[in-house]
Amino acid sequence: MAVMLQVEDLAAYYGPTKVLHGISFALEEGGITTILGANGAGKTTTLRAVCGMVRASGHVTLAGEAISGLTTEAVARRGVAHVPEGRGTFTRLSTEENLRLGAISRRDHDAVEADLDRMYSYFPVLRERRLQQAGTLSGGEQQMLAIARALMLRPRLMLLDEPSFGLAPLIVREMFRILRRINEEERVSMLLVEQNAALALDLADTAYLLETGRVAMSGPAKEIVADEQVRRSYLGY
Ligand code: ATP
């Protein structure tokens with residue numbers, strides 16, 4: 001299968017402080033890769049480095065083309081949609097205005113209308129809330145809006161940062177079911193950062209474990225979930 005994202009020897013810095021120490025990983029086209037790790041391991045920074053939001057070195061390719069060194073906007077134009085921690089929705093705008101903003105760089109206006117409809121079919125609650133200010137949505141609804149808005153870009157790759165953060169277990173399960181469906185139906189590849197290792201390993205096909213900015217373990221999610229140390233440290237059983 002073709003490789004969607006290839007990351008080689010990626011290092012990242014905040015000022016003089018190096019927080020990623022040359023990590024390498026790959027994500028297959030249509031695949032879901034998860035990055036696990038404790039607080040501060042560098043998961044969020046990895047996503048930021050892929051989309052050009054922090055100072056970084058190393059080599060990153062998207063479907064064979066180099067994207068390292070590009071601006072965040074240029075990376076987005078190549079088809080990488082970032083759903084950041086904290087969601088980043090425009091709180092004063094309505095649900096539907098947020099969704100339309102996700103497609104602002106697209107010229108295929110008819111397809112945008114069809115995509116809006118598709119988003120409402122994935123997330124029916126967003127249709128009910130289409131005229132409501134995003135800032136007044138529940139946490140789960142805002143997370144769904146952030147994911148739907150990212151999809152309006154028609155991305156090839158979605159970077160998801162802690163989509164389960166702060167949400168009730170029932171909502172999280174529902175959201176992960178929808179993510180799986182989107183991955184299957186749209187063939188959009190996903191790079192998922194999660195504290196909730198059990199959920200992430202259930203959704204993903206491949207997993208990497210980060211420890212203080214280095215890859216400590218990697219492999220098929222099925223194997224990682226069976227690992228004794230991962231069970232003890234990250235799954236709690
Ligand atoms: P968390 O689950 O807590 O978000 P994480 O694995 O995503 O953890 P990062 O947010 O990538 O970790 O942080 C990696 C390291 O970089 C940490 O030591 C953190 O303190 C540091 N760091 C993160 N953001 C900044 C920043 N803006 N300025 C300076 N240091 C930062």
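Taken together, the values in this text are just the output of simple stated rules run on the coordinates, not laboratory data. All values reported here derive from a predicted model rather than from experimental measurement. Here the Cβ is made from the backbone with ideal geometry for all residues, glycine too, and neighbour counts use every protein chain on show.
Couple of notes before you dig in:
- Extension gain for the segment residue 13 to residue 133, taken as residue separation times 0.36 nm less the Cα-Cα distance, is 39.6 nm to one decimal.
- Value at 222 nm in deg cm²/dmol, rounded to 500, when DSSP H runs of n ≥ 4 in the chain each add -39,500 (n - 2.57): -10500 deg cm²/dmol
- Of the chymotrypsin sites (Phe, Trp or Tyr not before Pro) in region 73-158, those whose Cβ has at most 15 other Cβ within 10 Å and which sit in DSSP loop: 90
- Separation of region 1-22 and region 157-212, taken as the distance between their Cα centroids, equals 20 angstrom.
- When the Cα gyration tensor is reduced to axis lengths a ≥ b ≥ c, the ratio a/c is 1.5 or higher for region 93-202, and with a/b not above b/c it is classed as oblate.
- If you plug the beta carbon distance of residue 165 and residue 3 into 1/(1 + (r/R0)^6) with R0 = 30 Å, you get a FRET efficiency near 0.55.
- Taking the Cα centre of region 80-207 as reference, the dipole from Cβ charges on Lys and Arg (+1) and Asp and Glu (-1) amounts to some 220 debye.
- Counted charge near residue 130, where neighbours are those whose Cβ lies closer than 12 Å (Asp, Glu -1; Lys, Arg +1): -2
- Residues residue 93 and residue 38, FRET efficiency given R0 of 45 Å [Cβ-Cβ distance, rounded to 0.05]: 0.80
- Neighbour net charge for residue 159 - beta-carbon separation under 14 angstrom, K R +1, D E -1: +2
- Under DSSP loop assignment and at most 12 Cβ neighbours within 10 Å, longest trypsin sites (Lys or Arg not before Pro)-free interval of the chain: 1-91
- Within the shell of other residues whose beta carbon sits under 12 angstrom from the beta carbon of residue 88, the net charge comes to 0, with Lys and Arg scored +1 and Asp and Glu -1.
- Taking a point 7 Å from the Cα of residue 223 along the Cα-to-Cβ direction, the residues of region 23-55 with backbone N closer than 19 Å to it are 24-29, 31-37.
- Cα shape, region 91-154, gyration tensor, a/c 1.5 rule: prolate
- Mean shadow area of the chain over all directions, Cα convex hull, nm²: 12.5 nm²
- Under Stokes-Einstein, with the Kirkwood radius over Cα pairs as Rh, the value for region 39-156 at 25 °C and 0.890 mPa s is 161 µm²/s.
- Within the chain, percent of DSSP bridges classed antiparallel, to nearest 5: 60 percent
- Site pair residue 29 and residue 74 shows an inter-label distance of 2.4 nm when each label is modelled 7 Å from Cα along Cα→Cβ.
- For region 1-124, a simple Cβ point-charge model (Lys and Arg +1, Asp and Glu -1, everything else neutral) yields a dipole of about 520 debye relative to the Cα centre.
- The fewest-to-most ranking of 5, 20 by surrounding Cβ atoms within 10 Å reads 5, 20.
- Magnitude of the charge dipole, the chain, Cβ model with Lys/Arg +1 and Asp/Glu -1, debye to 20: 460 debye
- The label point for residue 184 and the one for residue 66, both projected 7 Å from the Cα toward the Cβ, are 4.0 nm apart.
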